[in-house]
Structure formats: structure tokens, C-alpha cells
1. Report yes if I314 is at pLDDT 90 or above, among the aliphatic types (A, V, I, L, M), in contact with a His (Cβ under 7 Å, 6 or more places away or on another chain) and assigned by the TED database to the domain that holds G543, otherwise no.
2. Name the single residue that is nearest to D417 (Cα to Cα) among those in region 375-390 being part of a strand (DSSP E or B) and open to solvent by 10 Å² or more (accessible area, probe 1.4 Å).
3. Looking only at region 345-363, count every residue that is touching a strand residue (DSSP E or B) at 6+ places or on another chain (Cβ under 9 Å) and assigned to a loop (DSSP other than H, G, I, E, B) and tell me the total.
4. Among the residues of region 335-343, is there at least one that is open to solvent by 10 Å² or more (accessible area, probe 1.4 Å), in a loop (DSSP other than H, G, I, E, B), of a type in the set (G, A, S) and more than 21 Å from D598 (Cβ to Cβ)?
5. Just to verify a result, which residue in region 265-284, among those that are among the hydrophobic types (A, V, I, L, M, F, W, C) and closer than 24 Å to L254 by Cβ, is surrounded by the most Cβ atoms within 10 Å (Cβ to Cβ)?
6. Which helices (runs of 4 or more DSSP H) sit wholly inside region 128-226 and have at least 2 residues that are surrounded by fewer than 20 Cβ atoms within 10 Å (Cβ to Cβ) and among the polar types (S, T, N, Q)?
7. So in region 592-628, with the set limited to residues that are modelled with pLDDT of 95 or more and basic (K, R), which one is farthest from D349 (Cα to Cα)?
8. Which pairs do you get when a residue that is assigned by the TED database to the domain that holds E554 and among the charged types (D, E, K, R), found in region 485-511, comes within reach of a residue that is open to solvent by 20 Å² or more (accessible area, probe 1.4 Å) and part of a strand (DSSP E or B), reach meaning Cβ atoms under 6 angstrom, with the pair 6+ apart or on two chains?
Amino acid sequence: MLMGNLLFKECSDVRFGTHNVITVTSVFNSEIPSFRDLVLIIYGLNAHFMGGVEDDEHGPPSKRVKASSRELKGVSNGLKEPASYSFSVSMARPLASQGDDEIIGSRGMKKVELVRVMAAALYSLGFNKTGACLEEESGIPFQSPTVGNFIQQILDGNWDGSIASLHKIGAMDESIIKSASFIILQQKFFELLDHEKTMEALKTLRTEISPLSINSNKVRELSFFILSPKFRISRVSDQQMVKPKDRSELLEELQKLFPPTVMIPDRRLLQLFEQALDLQQEACLFHNSDVGETSLFTDHHCGRDQIPSQTIQILKEHQDEVWHLQFSQNGKYLASSSSDNSAIIWEVDLDGKVSLKHRLIGHQKPVSGISWSPDDDQILTCGVEEVVRRWDVTSGECLHVYEKGLLGLISCSWSPDGKCVFSGLTDKSIIMWDLDGKEIECLKGQKIIRISDLQVTSDGKLIISICKETMILLIDRESRSERCIVEEQMIASFTLSRDSKYLLISLVNEELHLWNIESHIRLIAKYKGHKRSRFIVRACFGGLEQAFIASGSEDSQVYIWHRGSGKLIETLGGHSGAVNCISWNPVNPHMLASASDDRSIRIWGLKQLHSKQKGKEKSTSNNGIHYCNGATI
């Protein structure tokens, strides 16, 4: 039969909806089909995908090639090439005929699972003979013969054989088999296109992929790959679908789809070890260093000397109570503000010593708030119901003063891109300026009260403020929608975690509450022990991966809790007045700063390190490197 310029040996007339489409079985000549021919075929194919098949006529079923028995190269988790195995193509037999239910250890582990995971690890490490010996001695095969045969068929590109083996594996429902078949046949389709076998690719699409009746959008997209070579090229930058995957990558994709009992996840034993180590570190109350070697021979343990609990320096440059302080993001600077109407920028040397860099003079009232720019090159300071000033960190020069008529400013914060400045006003509104002081927008209404806490999330989407005595407001900048955190007690202050997922709220009833604000707002932890009755006392996240919570206290002490467990692990004494604010160096987990009514700032470091450094002319860089499970150098 002649269609366009193609001569077909066999054909059958198949009805798709109201369209007749010729099914190609084989082609005598190798000429490229005309554009018109392909349009007719694709048109009927798309009509079929969109629905309208009302009868049971279909093209002839694709012929399955039965895979012959072969010696397969052992494939660890289906992705490596270790030892050799002899697999048959018979139905998958049980992985162990005896002892499947044998339990070992105190956690109810199945022996057969442990042996299979160990074998997978051995093969992945290249210990092929040892893995084979483990299988032989235990009588527990690493994987069933059918799975091994399936893996080799994928690597060989034996698509019909792999589809046939897929149905023999068992332990998988029909949806998984269909999804896996789609992935395999899509690979076949692209490999045919890659070898310019357009008509065979079309046949695979029509007789094998389409009848699966899943992912119709992808099927239609595949049809356009046949119709237009230009479309194939244009899609490369969008989705890497045109070029066939490496077959080992195909196996990885299939592995994620299969139940782990069928194909053990890659590097499973290593994952289990890493999970065990992570859990030990998370449970360790004093884990505060990622330096040093991790050993499988011993359980993880850190001593109390990991926590900065020794006063290593006292800063006394302020003339009155120190209300606020904050380290820069890069950990190189510390800023403090005081009721003496000034702020100070301190520099942290490489040896951990803190020295005065600039005294910022210009406010006419006590300075209650500080905010570092995202790049740490500039800093904002806010006077009590006064103005916000923007300073250059390098020179100490005041670059701009932000004010709003007769209204006082009570808080300050930066946008994540460093191009805008936010501030709360005494009329309870929130205003946003550009750097030159031009007003960009103003959120009116009861958005803030006279407590100088205002923060913007790291993605710039949320503005967070205290809108009532017991309520925190989260404002979506795009949708203008609002969510609230309602506490039963009056809120004294709050701080946002570095990843903007958590909010730590200090309450007047001497409690700290940790809230998750990422999606559904929920209270996840409470911390108790510090003292607060009259003043605003601030807390902070800190330590390695912000695993600790620290707070000031009116009893002149610093309190530190383990964030995960909520346990109070340290109480630091030394100040002679209320401790108003705490800041933990975000780069050096062994450096902590506290501000007090006694007009001083204390820098805290490691006890063991500080004692070793006494009498030395030079200190260790970055306040020393402290090893977990070991010593300090």
C-alpha cells in the first residue's frame, strides 16, 4: 500500500475516534516519511489521546522477545558492575526459603534485610568476591534472579525483555508497573529517535506507550518530538527530555519507583550510618563543632566545654546601660547600642579579640535598635521614638537620616536585597523607604506597637511585627494577607531564625516560645528558667546550625538551652546588672556576647581554650578550633 512516498509491506486500518490511521508494521524502503504523512498519523494519534475511542479495535499487540538465559554481570543496587551471577528468567523465587522471619538485635531487624543491605554495600565498595561469599554462606541472595535479569536487560537496551521481566518481579501493584513501563518505553522512544528511526519511534508511541493510558500530556508532547525536529531542539533548554538518558541513570530512576524490597536503595547502608550519626549529634546536648573526624567505633559525645561559658573579654566603652547588640552576618563585627544615645561598631580580630572601630554619635535619645545590612557594609540604628540613621561601617559616617514628620520611629530593618529600609512608626504603621529616603509604601492600621522589633524574612516575602501586646503579625508583602501568632501572655520581644522558618518569642511570664512559621504556624517548644519582671530581655538562636537558644535575664545571668530537647545546659554569671540582650557569632559557634545594665559587654568563649591561651602572646585564630569527641588545639 502506498502512502505519500512510503511503500509498506503490511498495514492495518485502525479507527481513532472518527479518523482512520494506517498502522505501520514494517517498511520496505528507508526513505524519510513526508511531513504530510506524519501530520495525518499524529493527528489521529492526538485524537486518540484526547479521548473518543469507543470501540475495542486496536493495533496488533507488540511482540515480546523472551530473554534467553545468560550470565549477568553483578550490578550493585542495579547501578554498579561488580561480581558475576547466574540468573534464570523464571518467575522470581523468594529471597530466602528459610529464616525470612528471623529477628536479630533488640529493634526487631530482620536477618534477611540486614544481609541484603550488607551485600549491597560490599558490591558498591567493589568487594565482589566477599559479597558473593556472603550470599552463598547465608543462603540469602542479594536480589532475585528476575530482578537481576531485569537490570541487565535495561543496561543492554533489551526493552521488550525488560517489560516482560517487569511483570514477573511481583511485590508491585499495577500503578508502579505502568509507571515503570512508561519510563522504560520513553527511553526506548528517545533512543530510536536518536538513531533517526522515526517510524519505529512512532510505532512505540502508538502501540506501546499510548495504551498505558497514563501521563497523556507527556504522550502528546512526545508526539510533537516526532512531528517537528525543531521542537526537539527547542525543548533541550527547557527539559532534558530529547536526548536519551544514560541507562545507569534510567536504572536510578526506576529504583526510586520500586519498593525497597525489590531493589535496595543505592548506598542504603551508608545512609543508615549517616542517619545514626546525625541522630547522635542531634541528641548531644553540647554538640557545637563540625571540625574533626567522625568515628564509627565510638558513640558521639561532646563535653560541656564545647559551649562558650568563660568570659574572655569585657568591653566598657558605653557610658550607660547597654540595651542591644548584634553580630554581623560575616561574624567580623559586633554592634551595640546604649541608653547613652550612642552606638558602637566593634571589630572582631582573627584571634577573637574585640576592639572598638567606630563610635556612632548623632542620636538625641537612647538607641534601642540595630540592624545590619545583608552585605554587612552598612548598619541602621534607631533612637527611641526618634529617627533611624544609616551608617557606613568602614568609615563610621552617617549616610542618611530617615524621619517622618512629627512621628517617631521605633524600629528598623533591611530588605533582603539591601535596597530598602523598613521602620515602625509611633502611629502603629510600617513604612518602607529606598536608601535615599523616598517613601515607597506605607502599611497603615495597627501593624506595630511601641516595642522596637520588626523583621523581614530572608526571601523578602513576610514582614513580622508585634501588632498587639499578645499578638505577632505576619504580613505577606505580595498578597497583603495577614497571619497571626497569638500568645496568652504579653510579648516582650522576638527574633527570627537564620533560615526564616522559626520565630523565638520572649514573654513576660519568663518563658520563651519557639514557633514554626514556614507553612502552618505551630508552637513547637518552650524554654524556661530565666528571670524577667520589668525590662525587655532579648533572646537569640546560636551555635552550630543554631542548635542552641540563649537569653538574657534580670538576675544578671545568661541562660543557654539545647534547642532540640529544651534542656537548660548552662547559666553564665559575671554581670552585675540585668542582661538585656544576647548575640551569638553566626560564624564562630564558640563566641557569644551579652549586653547588660552594668554598662558592659561580655565576650564569652571556651573555658578550656581560654585557659590554654593564658600567657601566650598570640591566640589561636577564630577563638580556637575545638574538636568534637576530642581536644582543643
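1. Considered against the rule, which asks whether it is at pLDDT 90 or above, among the aliphatic types (A, V, I, L, M), in contact with a His (Cβ under 7 Å, 6 or more places away or on another chain) and assigned by the TED database to the domain that holds G543, I314 comes out as no.
2. Residues of region 375-390 that are part of a strand (DSSP E or B), as a first pass: 378-383, 386, 388-390.
Still in the running and open to solvent by 10 Å² or more (accessible area, probe 1.4 Å): 378, 386, 389-390.
Values: Q378: 13, E386: 25, R389: 18, R390: 16 Å.
Top of the filtered list is Q378.
3. First, the residues of region 345-363 that are touching a strand residue (DSSP E or B) at 6+ places or on another chain (Cβ under 9 Å): 345-349, 352-363.
With assigned to a loop (DSSP other than H, G, I, E, B) added as a condition, the list becomes 349, 352-353, 362-363.
Result for region 345-363: 5.
4. No, region 335-343 contains no residue that is open to solvent by 10 Å² or more (accessible area, probe 1.4 Å), in a loop (DSSP other than H, G, I, E, B), of a type in the set (G, A, S) and more than 21 Å from D598 (Cβ to Cβ).
5. Initial filter on region 265-284 (among the hydrophobic types (A, V, I, L, M, F, W, C)): 269-270, 272-273, 276-277, 279, 283-284.
Pick out the ones that are also closer than 24 Å to L254 by Cβ and you get 269-270, 272.
Values: L269: 18, L270: 13, L272: 12.
Ranking the candidates gives L269 first.
6. Details: elements: 128-138, 145-156, 159-169, 174-194, 198-204.
Fully inside region 128-226 and qualifying: 128-138, 174-194.
7. Kept after step one, since they are modelled with pLDDT of 95 or more, are these residues of region 592-628: 592-605.
Retained after the next criterion (residues that are basic (K, R)): 599, 602.
Values: R599: 22, R602: 16 Å.
The extreme case among them is R599.
8. So the pair list comes out as E511/K526; E511/K528.
The values are calculated or read from the model by the stated rules, or taken from the named source; none is laboratory data. None of the values given here were measured: they were computed from a predicted structure. Reconstructed Cβ throughout: ideal geometry from the backbone, glycine too, with neighbour counts over all protein chains shown. These area figures cover heavy atoms from the full protein model, side chains too; ligands, DNA and RNA do not enter into them. Shrake-Rupley method; radii C 1.70, N 1.55, O 1.52, S 1.80 Å.
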